[in-house]
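These notes concern the structure reproduced below.
The values are calculated or read from the model by the stated rules, or taken from the named source; none is laboratory data. Just so you know, these numbers come straight off a predicted model, no measurement behind them. Reconstructed Cβ throughout: ideal geometry from the backbone, glycine too, with neighbour counts over all protein chains shown.
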């Protein structure tokens, strides 16, 4: 069924945009929660395997709603369903320089700080490793059951997908429309169309489209693509691409290559070999929203990519309570120096790391928030 030709009224468009934004935020929160729980589950399993005393495994934060106790471990569900945490003996004292609420004896073998270096590193590494495993599984499932982009169906400027709340959507463009001219200039193929649109952000263009054998004219104003510092117009359409389901072995191989590529691409960005195009939480909402509209396969792939990225950034050696890589680095340095850092030194390291992450968070979020507003309002 094709979308009707009329453009929604401002009030209806605003209502629809607001509700779509809420749905996309909910999908994003659900996905992130599951990824965080997988991360904490990795720490939990590794700690139990190492014989470390676990006080609590919690789903969510804030006030406790309900829970149960098994094998001397408190399992709880809390009011703010925003991830979760594992509380184990000796971690706060060893990693953050603080004190456990339920402190074991210094010589207790189930205390985190009394375990070997490699046992402690394994517990910290298990969280990011779990995210890598989740990314691999989601990629493999997406490729096996939904397929991978296989071939371009048509080289012509034929619309294969319209992003909701985009300029194309608001102007009435529909799947199957073929753009034959822009401002009277004939369009031979998809690349020619995107080149003109890219060069004209925030400028009105008149598209001549072919629909059901008839030529129609549609006015459209390309928006500035968020995340781009230079003028870069987009209208929110994608070309038609066929998908090919992979067999079991090929889906496994392709998923492994994709997880590896995420690491390589991130390293290239961090080392300046590729242009940075970081996505903040605001941009993530937009990407997840688009993926949910395109289908389950696309949704699984974007969540897999997020999971792999979370794993990589968790291993970056910045001494933050939330980043395992920084504390792995500190444990190794302490082993080399044969002494522990003081509580004050660990606190200073956390402050420096936190400041660096906050600056990055503000820069990335500021860079993509305008793009999200353009998509939904």
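Here are some notes:
- Residues that are modelled with pLDDT of 90 or more and touching a strand residue (DSSP E or B) at 6+ places or on another chain (Cβ under 9 Å) within the range 92-126 comprise just one, 123.
- Residue check: residue 234 meets all listed conditions (1) modelled with pLDDT of 90 or more; (2) farther than 16 Å from residue 135 by Cβ; (3) exposed (fewer than 15 other Cβ atoms within 10 Å of the Cβ) but one, namely (3).
- Condition check for residue 164: outside the structural domain of residue 298 (by TED's automatic domain parsing), within 23 Å of residue 299 (Cα to Cα) and part of a loop (DSSP other than H, G, I, E, B): yes
- Qualifying residue in the range 155-163 (condition: modelled with pLDDT of 90 or more and surrounded by 15 or more Cβ atoms within 10 Å (Cβ to Cβ)): no
- Within the range 199-217, being outside any strand (DSSP E or B), under 35 Å from the mean Cα position of the chain (by Cα) and closer than 22 Å to residue 175 by Cα holds for one residue alone: 204.
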